[in-house]
């Protein structure tokens with residue numbers, strides 16, 4: 001049984017907020033999270049013939065499958081590829097207001113995550129914190145970073161990798177696992 | 001279905017409405033029988049989305065009849081004949097709204113159009129407005145659409161063969177900065193081959209119909225360095241609408257302007273000349289921001305411009321929202337405050353007789369030629385992510401030599417002579 005527009009609209013009304021939070025926890029950007037939500041539901045309508053479930057719960061599970069692919073696609077391409085949105089001729093949306101931005105961060109508990117990142121950076125060895133600040137925050141290229149620290153470019157790359165791995169290990173208990181859950 | 005479904009996130013309500021409309025269009029196109037059975041969507045913004053609803057021609061909506069129309073007000077009265085210059089009195093049989101449409105950057109707003117005609121004296125006249133069905137008018141700040149009668153004309157002019165007869169940029173102000181719009185229009189060019197607007201240096205082409213064009217962009221013209229570039233025959237004509245000589249563009253917000261001033265000592269032997277950047281206007285009720293001044297002292301020489309002691313004086317600094325001078329008001333004329341978003345600013349003064357050009361270099365591939373303002377000052381506003389401490393100025397002197405400045409040169413920031 002394919003997915004009807006009526007059922008999709010019903011699922012949207014009931015779960016859109018949940019999907020936005022799902023995306024925001026994975027891409028850390030409320031604007032991108034809203035775009036991914038739009039693309040997921042649009043893609044669900046476009047590909048509705050491949051839906052084999054019946055109930056709204058079946059549809060939600062199916063949509064989360066699409067959502068996970070959308071997240072992977074975003075990290076691969078570095079942007080939201082809105083093929084389904086464009087195919088349906090959906091108008092470009094406005095930007096989020098400050099209140100909406102904060103509300104999505106609240107739904108995704110991004111504020112807590114941000115505080116945890118800041119705390120973990122504070123606790124890291126100074127060498128790791130410094131190299132992450134230069135590479136991630138100031139977005140320095142490796143040659144410039146290496147010159148700044150007076151080390152070789154190869155050493156700079158290795159130091160950034162070590163620092164990122166160390167930070168990931170520290171943050172792992174606080175990162176999302178399954179949809180709708182937060183460790 | 002509860003009324004307050006997405007009260008905390010209106011964007012989701014708008015997105016849902018867009019999705020529902022798109023699905024209905026797709027099903028109607030595919031001839032699906034599901035369209036007739038689909039329940040009507042609850043419109044959270046009847047002004048914007050009902051326009052789309054009407055285009056679809058769906059039936060069975062439960063929305064009340066009063067909400068199926070755009071909010072309207074009485075037509076704007078036209079001017080009295082005795083108040084109108086003859087050259088701007090249009091022949092009623094010549095007026096028509098062209099098929100050109102310029103979509104508002106925000107979804108759900110009426111598109112802009114241009115109405116052209118001829119005056120009784122043969123001038124080409126143009127009026128910009130918005131279209132709602134067959135009606136031509138304008139939406140006011142109260143959200144109501146009001147028709148613009150035939151007597152209302154923005155401008156008239158005579159075709160010269162080398163330029164359009166009329167061209168202009170009409171600013172539609174709004175309570176919120178992000179709702180401000182500038183409508184660029186022109187008409188009356190026989191051999192108009194290309195029309196484009198430049199926004200922050202980026203060209204955006206406009207469609208042309210009968211030698212006329214219309215486009216709409218967000219923000220005030222000065223905030224985006226707005227220019228209009230036309231190709232007429234084999235000539236290129238450029239009109240600047242937001243390109244004042246003292247203007248400095250912001251990365252994304254209101255523009256800045258270089259302000260200069262000075263004072264003389266009581267004995268008129270010494271003077272101080274200062275320059276700073278000030279916001280051209282505010283965004284959303286914040287106070288206007290400004291930088292502290294960069295000044296130099298020089299002896300007063302009658303009938304001569306003050307001689308700078310060094311070729312370049314400048315400061316480079318990252319300002320954060322809330323930064324301000326700490327001198328008590330009245331104690332120092334150098335009071336300043338920063339209410340704008342964080343920015344890295346480089347500003348200063350130049351001895352134009354000695355300095356030929358300046359290039360600004362910063363990490364992350366930031367490099368740009370610095371435009372001289374009136375030949376003796378400059379200002380550059382960059383994102384706060386650019387580290388002010390790592391900015392260098394590469395100065396080429398008129399004698400061919402070059403100098404590199406990696407630290408600010410601020411002889412004084414006091415305006416007292």
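Values quoted throughout were computed directly from the atomic coordinates according to the rules given, and no laboratory measurement underlies them. Since we're looking at a predicted model, the values are computed, not measured. When we count neighbours, we look across all protein chains shown, and the Cβ atoms used for this are built from the backbone with ideal geometry, even at glycine.
I want to check the label-to-label distance for residue A:172 and residue A:58. Put each point 7 Å from Cα in the C-beta direction and report it in nm to one decimal.
3.8 nm
With an 8 Å cut-off on Cα pairs and a minimum separation of 6 or more residues, tell me the relative contact order of chain A in percent.
Computed over chain A, the figure is 22 percent.
Rg and Dmax of the stretch B:199-303 over Cα atoms: what are they, in angstrom?
Expressed in Å, the Cα Rg and Dmax of the stretch B:199-303 come to 20.0, 66.
Using the alpha carbons of chain A, what is the convex hull volume per residue in cubic angstrom, as a whole number?
Measuring per residue, one finds 140 Å³ for the Cα hull of chain A.
For the stretch A:5-105, what D do you get in µm² per second when you plug the Kirkwood radius from alpha-carbon pairs into Stokes-Einstein at 4 °C and 1.567 mPa s?
It diffuses with D of about 94 µm²/s by this estimate.
Once you have all Cα-Cα distances for the stretch B:81-243, histogram them in 10 Å bins from zero and send the whole-percent values.
So the P(r) values, bin by bin, are 11, 40, 36, 12, 0.
For the stretch B:234-286, report the translational diffusion coefficient in µm²/s to the nearest whole number, using Stokes-Einstein at 20 °C, 1.002 mPa s, and a Kirkwood Rh over Cα pairs.
Approximately 151 µm²/s, per Stokes-Einstein.
Can you list the residues of the stretch B:123-140 with backbone N under 15 Å from a point 7 Å past the Cα of residue A:94, pointing along Cα to Cβ?
The answer is B:140, whose backbone nitrogens lie closer than 15 Å to the label point.
At 7 Å along Cα-to-Cβ for each site, give me the label-to-label distance between residue B:194 and residue B:106 in nm.
3.3 nm
I need the calculated FRET efficiency for the pair residue B:121 and residue B:142, taking r as the beta carbon distance and R₀ as 41 Å, to the nearest 0.05.
Once the sixth-power term is evaluated, E becomes 0.70.
Quickly work out the residue B:204-to-residue B:8 label distance, labels modelled 7 Å from Cα along the C-beta direction, and quote it in nm with one decimal.
3.5 nm
Hey, what D do you get for the stretch B:248-405 in µm²/s if you plug the Kirkwood alpha-carbon radius into Stokes-Einstein at 37 °C and 0.692 mPa s?
198 µm²/s
Taking each residue of A:45-54 in turn, how many C-beta atoms of other protein chains fall within 10 Å of its C-beta, and what is the average?
For this peptide, the per-residue mean of nearby foreign Cβ atoms is 1.
Apply 1/(1 + (r/R0)^6) to the Cβ-Cβ distance of residue B:266 and residue B:407, taking R0 = 30 Å, and write down the FRET efficiency to the nearest 0.05.
Calculated value: 0.35.
Can you tell me, using C-alpha contacts under 8 Å and at least 6 residues apart, the relative contact order of the stretch B:248-405 as a whole percent?
20 percent
Return one quarter of the surface area of the convex hull spanned by the alpha-carbon atoms of the stretch B:124-186, equal to its mean projected area, in nm².
For the stretch B:124-186, averaging the hull's shadow over all directions gives 5.2 nm².
Hey, got the average number of other protein chain Cβ atoms within 10 angstrom for residues in B:17-29?
Mean partner-chain Cβ count within 10 Å for B:17-29: 6.
So, R0 is 41 Å and r is the distance between the beta-carbons of residue B:369 and residue A:123; what FRET efficiency does that work out to, to 0.05?
After rounding to 0.05, the efficiency reads 0.35.
In the stretch A:109-174, what is the volume of the convex hull around the alpha carbon atoms, normalised per residue and reported in Å³?
Enclosed volume per residue, from the Cα hull, is 74 Å³.
Using alpha-carbon pairs under 8 Å, 6+ residues apart, how would you state the relative contact order of the stretch B:81-243 in percent?
About 18 percent, as a whole number.
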